[in-house]
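Colleague: Handing you a structure now.
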Amino acid sequence: MTAPAVSTAAIAPANRSASSPAAVSAPHPGRRAAWLVLGLAVATLARAAANGHTTTTALAAGSAFGVALICVALVAGWRPARPPLRSLGIGALGAAVLVGLPLLLHPAAMSAMGMRPGPLVVWAAVTILVATGEEVLLRGALFDAFGRLYGLWAAVLVSSLAFAIMHVPLYGWAVVPLDIAAGVWLCALRLSSGGIAAPAVAHALADLATWWL
Amino acid sequence: MACRRSAWLTLSLGFVLLVLAGRVAPVGQPPLYDGVVVEDPYRYLTPPPGAPGNPTSTSDTAEIAQGRSPLVYSGTLENPPQAQLIADEGAFVIPAGSTSVITTIRPIAPPAPVPSGSLAGNVYEIRVANQGGIDLAIQQGKTVTVVLRAPNGVTNGTLYRFSGNAWVAVKTENGGLPDLFATNATQFGDFAVVLASAASSAGNAAPSLGIPTASPSASSGGGSGGGGDSTPWIVIGLVAAAVAAGLLWTLFGGSDRTASGGT
């Protein structure tokens, strides 16, 4: 796969601000990518198996999933960095699009899907953890790994496809088109802001909005 | 500059994809799926041994303002609801003198056997009337959506409506989770999820009774939502293929674009 010359130039700034695999003793990029995909797959299937039918098990499975994703990314060499303030603004704008577009396209009320379990504070904490974990791994470590290997568009494609497929065990195939689109949008937020803080903020806010929708 | 151009290009692509995907999204699908999902075990009107019973009913009243019905949402009390009704503002033809819209959803015994296949879960009677008990018709061009949940693990059902003397299949969409089934209703009545004959022989439901022959909580997806019988294996296969590709690449070639001076 060949990528345009702009690809790695677009990857590099992101590493400086929010993830810096080059700063640590990173494994070979191919092994790193394989490890990330494997870790994501195992965490996703384990979560689906453990989710169960009670609020307690769902919250526990969600928390473990979020932590696991962050750990996988850390092992692969991803490191957090203080995000610039404007990332938060970009993230908020990104969330507005993610939430607003479906409301404009389907103005009627949403059907309930069991996404409001437990006390709001606990649910919100776990939701933020899951969204952050997914962004750290997908738009952070995985994006970096595939960007370095194959260029920007491969990074966008792989992280967006992974984002969609990882939701299938819990939500079915119907989510794939929208989640691929959302994945590309979140990649765009990363490229616009230079780090994962913006997509993490957008992702978390959009998920939190489901409590009220 | 190149980076900024890539960012704008990706933003534009993402926005267009979001619009396109939003147009084909299932009824009520929220923008993203994450956080925590809990799906209660299915409650049967006539539960088999060991399965939960006592499915809930609901009755909601909404006031009519300026001759138009408000946006209506009504759902049974399970999580997620086993039956839901969602109606646009002004979705009902309002007879003179009406002051409120009353939505009633309740599980009932099957009025008749389905012509083929089997019922998955309960039959729900869905009624919308004014305060005087006069049934309201659906305004043409307005969207009234009925969403039914099937027993856990049932992912290949079709919604049917009992028309008074026969079950009629209605156009069915995914309702946002694998076992949620939605339709844009043109009439009210009794609704149910029906499994095709082949599917019912797989052990999800007994003919015409909505009673599973297997444990209702035995979700083949391995989780609350499940992904259907084959979905987890398809996902595992895709993931295994991705991992294998990564490992092959690691063993036989490729180079780090950045490390090799790609920047």
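Colleague: Name the residues whose placed amide hydrogens come within less than 5 Å of the amide hydrogen of A:R79, ignoring near sequence neighbours (fewer than 5 apart) on the same chain.
Modeller: A:S20
Colleague: Hey, what do the phi angles of the stretch A:196-211 turn into as Karplus ³J(HN,Hα) couplings, whole Hz, using 6.51/-1.76/1.60 and θ = phi - 60°, x for Gly and Pro?
Modeller: Listing the rounded values in order: 8, 4, 5, x, 5, 5, 4, 4, 5, 5, 5, 5, 4, 5, 5, 5 Hz.
Colleague: Let me ask something additional. Taking θ as phi - 60°, what are the ³J(HN,Hα) couplings along the stretch B:167-179 by the Karplus curve (6.51, -1.76, 1.60), each to the nearest whole Hz, with x for Gly and Pro?
Modeller: 7, 10, 5, 10, 4, 10, 10, 5, x, x, 10, x, 9
Colleague: Same structure again: Report, by chain and number, residues whose modeled amide H sits under 5 Å from the one on B:V194, excluding near sequence neighbours (fewer than 5 apart, same chain).
Modeller: Under 5 Å from the amide H of B:V194 lie the amide H atoms of B:A120, B:T158, B:L159, B:Y160, each far enough along the sequence or on another chain.
Colleague: Just checking the output field for A:33-44: average partner chain Cβ neighbours within 10 Å of each residue's Cβ?
Modeller: Mean partner shielding for this stretch: 4.
Colleague: Work out how much length B:A196 to B:T61 would gain on full extension: take 0.36 nm times their residue separation and subtract the Cα-Cα distance, in nm to one decimal.
Modeller: Extra length available between B:A196 and B:T61 comes to 45.0 nm.
Colleague: A further question on this structure: I'd like to know which of B:Q139, B:A65, B:A109 lies farthest towards the positive end of the charge dipole of the stretch B:40-166, counting +1 on Cβ of Lys and Arg and -1 on Cβ of Asp and Glu.
Modeller: B:A109
Colleague: Using only protein heavy atoms and a 1.4 Å probe, how much accessible area in total is buried between B and A, to the nearest 100 Å²?
Modeller: Buried area between the two chains comes out at roughly 6700 Å².
Colleague: Amide H neighbours of B:A185 under 5 Å, counting only residues 5+ apart in sequence or on other chains, H built in-plane at 1.01 Å?
Modeller: Amide H to amide H, under 5 Å and 5 or more residues apart or across chains, B:A185 pairs with B:V144, B:T145, B:V146.
Colleague: Could you derive backbone 3J(HN,Hα) for the stretch B:65-74 from the dihedral phi with the Karplus parameters 6.51, -1.76 and 1.60 (θ = phi - 60°), listing whole Hz in sequence and x where the residue is Gly or Pro?
Modeller: With coefficients 6.51, -1.76 and 1.60, one gets 10, 6, x, 10, 6, x, 5, 10, 10, 9 Hz.
Colleague: May I ask you to give the percent of accessible area on the stretch B:52-183 that is carbon plus sulfur, with a probe radius of 1.4 Å?
Modeller: After summing per-atom areas, the C and S share lands at 49 percent.
Colleague: How many partner chain Cβ atoms sit within 10 Å of a residue's Cβ in peptide A:50-57, on average, as a whole number?
Modeller: Partner-chain Cβ atoms within 10 Å, mean over residues of A:50-57: 6.
Colleague: A further question follows. May I ask you to order A:184-192, A:86-94 by the average number of other C-beta atoms within 10 Å around their residues, highest value first?
Modeller: The packing order, highest mean first, is A:184-192, A:86-94.
Colleague: Please give the average number of partner chain Cβ atoms lying within 10 Å of the Cβ of each residue in B:65-75, rounded to a whole number.
Modeller: 1
Colleague: How large is log10 of I(q)/I(0) for the stretch B:43-143 at q = 0.22 Å⁻¹ when the intensity is taken from the Debye formula with one equal scatterer per alpha-carbon?
Modeller: The Cα Debye sum returns log10 ratios of -1.09.
Colleague: If you don't mind, another one. Tell me which trypsin sites (Lys or Arg not before Pro) from the stretch B:78-187 have a DSSP coil assignment and no more than 15 other beta carbons within 10 Å of their own.
Modeller: Listed in order of number, the matching sites are B:K171.
The values are calculated or read from the model by the stated rules, or taken from the named source; none is laboratory data. On a predicted model such as this, the values are computed, not experimentally measured, just so you know. Glycine gets a Cβ as well: all are built from the backbone with ideal geometry, and neighbour counts include every protein chain shown. Quick note on the areas: whole protein, heavy atoms, side chains included, nothing else; ligands and nucleic acids left out. Shrake-Rupley method; radii C 1.70, N 1.55, O 1.52, S 1.80 Å.
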